[in-house]
1. In this structure, does A:Thr129 turn out to be at pLDDT below 95, assigned to a loop (DSSP other than H, G, I, E, B) and either on the phi < 0 side of the Ramachandran plot or facing chain B (nearest Cβ under 7 Å) (or both)?
2. Does the range B:238-261 hold any residues that are of a type in the set (D, E, K, R) and at the interface with another protein chain (Cβ under 7 Å from one of its Cβ atoms), and which are they?
3. Looking at the structure I just gave you, is A:Ala158 out of contact with any Lys or Arg (no Cβ under 6 Å at 6 or more places or on another chain) and without any contact (Cβ under 8 Å) to a residue 60 or more places away in the chain?
4. Do we find a residue being in contact with a Gly (Cβ under 6 Å, 6 or more places away or on another chain), under 30 Å from A:Asp109 (Cβ atoms) and either modelled with pLDDT of 95 or more or not in a loop (DSSP other than H, G, I, E, B) (or both) anywhere in the range A:214-232?
5. Take the range A:43-86 and flag every residue that is part of a helix (DSSP H, G or I), touching a His at 6+ places or on another chain (Cβ under 7 Å) and closer than 21 Å to A:Arg29 by Cα.
6. For the range A:211-246, enumerate the residues that are buried (at least 24 other Cβ atoms within 10 Å of the Cβ) and out of contact with any helix residue (DSSP H, G or I) (no Cβ under 7 Å at 6 or more places or on another chain).
7. Of everything in the range A:147-157, what is at the interface with another protein chain (Cβ under 10 Å from one of its Cβ atoms) and either surrounded by fewer than 22 Cβ atoms within 10 Å (Cβ to Cβ) or at pLDDT below 95 (or both)? Give them in sequence order.
2 protein chains.
Amino acid sequence: MSSVHYQRVALIGLGLIGSSLAHVIRRERLSDVITGYAKSAETRATAKRIGLADEIHDSAAAAVRDADLVILCTPVGAYGKVAEETGPHLKRGATVSDVGSVKGAVVRDVAPHLGKDVHFIPGHPVAGTEQSGPESGFAELFTNRWCILTPLPGADAAAVARLEKFWRACGSNVETMSPSHHDMVLAITSHLPHLIAYNIVATAADIEDVTNSEVIKFSAGGFRDFTRIAASDPTMWRDVFLNNKEAVLETLGRFSEDLSVLQRAIRWGDGDTLFNLFSRAREVRRGIIAAGQETAAPDFGRQPGKK
Amino acid sequence: MSSVHYQRVALIGLGLIGSSLAHVIRRERLSDVITGYAKSAETRATAKRIGLADEIHDSAAAAVRDADLVILCTPVGAYGKVAEETGPHLKRGATVSDVGSVKGAVVRDVAPHLGKDVHFIPGHPVAGTEQSGPESGFAELFTNRWCILTPLPGADAAAVARLEKFWRACGSNVETMSPSHHDMVLAITSHLPHLIAYNIVATAADIEDVTNSEVIKFSAGGFRDFTRIAASDPTMWRDVFLNNKEAVLETLGRFSEDLSVLQRAIRWGDGDTLFNLFSRAREVRRGIIAAGQETAAPDFGRQPGKK
């Protein structure tokens, strides 16, 4: 049996990431048994109907029993409560990880509830779609994406290496960093972009001179792309912003400062400042395509109705 | 011969929109002859090599000779010069239109150079991709997108109707509005989104605590989608911002105001404000999908390397 294999994996939360994990664990035969828990009865019923896991439990405590890998996949705001409920029921030597988009707050909320005989290794697969719920998952979600692990000082090296292998078996690349560095990296690459997208959609919806029907009709001019990212799960994102306050406020301050420079350039007709900044942005784009994190296909031109 | 048909169509500028027009005009047989002009010798050579038009001219004045439809497809900052050069060479009764993303400034720059025996009908197909140049065009670009026409008071109704039919034959829906209303609608649906996208890419590139390589690696968390829109042509976009100053500054002011409310909600831990705004954004997204301007497929999860 490969060292990647866990006997029982418990997925606490069965939304986009939890259900995608269920699919890839099964496809890659990474565990004998998958157990699942979701707070909502409706989600549990759906998960049972589509056969997402081998066992679906009504309580997180029951789901984690005898599991040697527990992965928290709920919105991060619920982690403290889940850790408190499941902590006493964890198997000795189990690994507890998660998929949350913030890491400092997760360490703060989860660690106090776990015994010393449990390996707590926070994680974050940087992957997702704008959809949510137990039916939105698919096994390929993690392919060629990065999973960040933020083990704490003194973490068990063998347990970390095993979890790292698990994520590689899911198709991911793996990188290790501190929780605080993770939170700053994600603030700029993920949290701020989502905040900006949510904000511009609201600004557009409120503008009096332009009807909502016009905003929708003419959205192919660029706005459409913001609504895609702004369609992500509201509960998950509320919790992200409440739990990565400092890094988000820091990057938001820089964003606003930079935006003032552009605003002034527009007001004073300074075309060179605009052109130079716009040209720099193209270079970053080329880097992302070269790194395999994006395709070069002209996606703006995507055809309506194509699934 | 259908009234959509023009004998000679002149495309002044052979980038993404000009070359897409050449393809769709040919596919739909909307003219007998397509003539083209581009400022750069390299673009003209490429256009000749790929057979983009029937005639490629070294001067705009030569390209418009005898044309009954002239479409300006250069960045809008070049329109005044092009209109001045071509004005004296236009055929009596010709229609002059354009594809520029701003309309007030186009009327200001172009109209003074055109004789009274020419029909000037500004237009804007709200369609595009993040790519540019004579080889980026494709005939389907305008399919099910909206083309906005902004005829001036007293415009010839028959000439407007004919141009409208032309755009419908290109696959577009057509709507008519005033230049100033166009400029406000596009400021919020297209210009502001591009400005914000360019700005966040620059903010991310400059942040000291996060390396550019990290920004690129972890871009699948949301940032990636902004770089796509920020990869659009810098010259075109510089000209847009210089020529729609008032509407862009107005929408930018609202955006910043709204962003301050979110910033405060994050600072004070006001989860309800965040959740309510995030939920509203989902509704706008649903409207765009229902209107056929976007697909519901989970595009965030797009696979690397897929073309």
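The values are calculated or read from the model by the stated rules, or taken from the named source; none is laboratory data. Nothing here was measured: the structure is a model prediction, and the numbers come from that model. Virtual Cβ from ideal backbone geometry, glycine too; neighbours counted across all protein chains shown.
1. Yes.
2. Selection gives B:Arg238, B:Lys245, B:Arg254, B:Asp258.
3. So A:Ala158 passes the test.
4. yes
5. Of the residues in the range A:43-86, the ones part of a helix (DSSP H, G or I) are A:43-49, A:60-64, A:76-86.
If we keep only those that are touching a His at 6+ places or on another chain (Cβ under 7 Å) too, we end up with A:61, A:63-64, A:83-84.
Within the range A:43-86, A:Ala63, A:Val64 meet the criteria.
6. The answer is A:Ala220, and nothing else.
7. none
Here is a yes/no grid of residues against (1) in contact with a strand residue (DSSP E or B) (Cβ under 9 Å, 6 or more places away or on another chain); (2) under 17 Å from B:Leu72 (Cα atoms); (3) assigned to a loop (DSSP other than H, G, I, E, B):
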site: B:Val4; (1), (2), (3): no, no, yes
site: B:Val9; (1), (2), (3): yes, yes, no
site: B:Gly18; (1), (2), (3): yes, yes, no
site: B:Ala22; (1), (2), (3): yes, yes, no
site: B:Lys39; (1), (2), (3): no, yes, yes
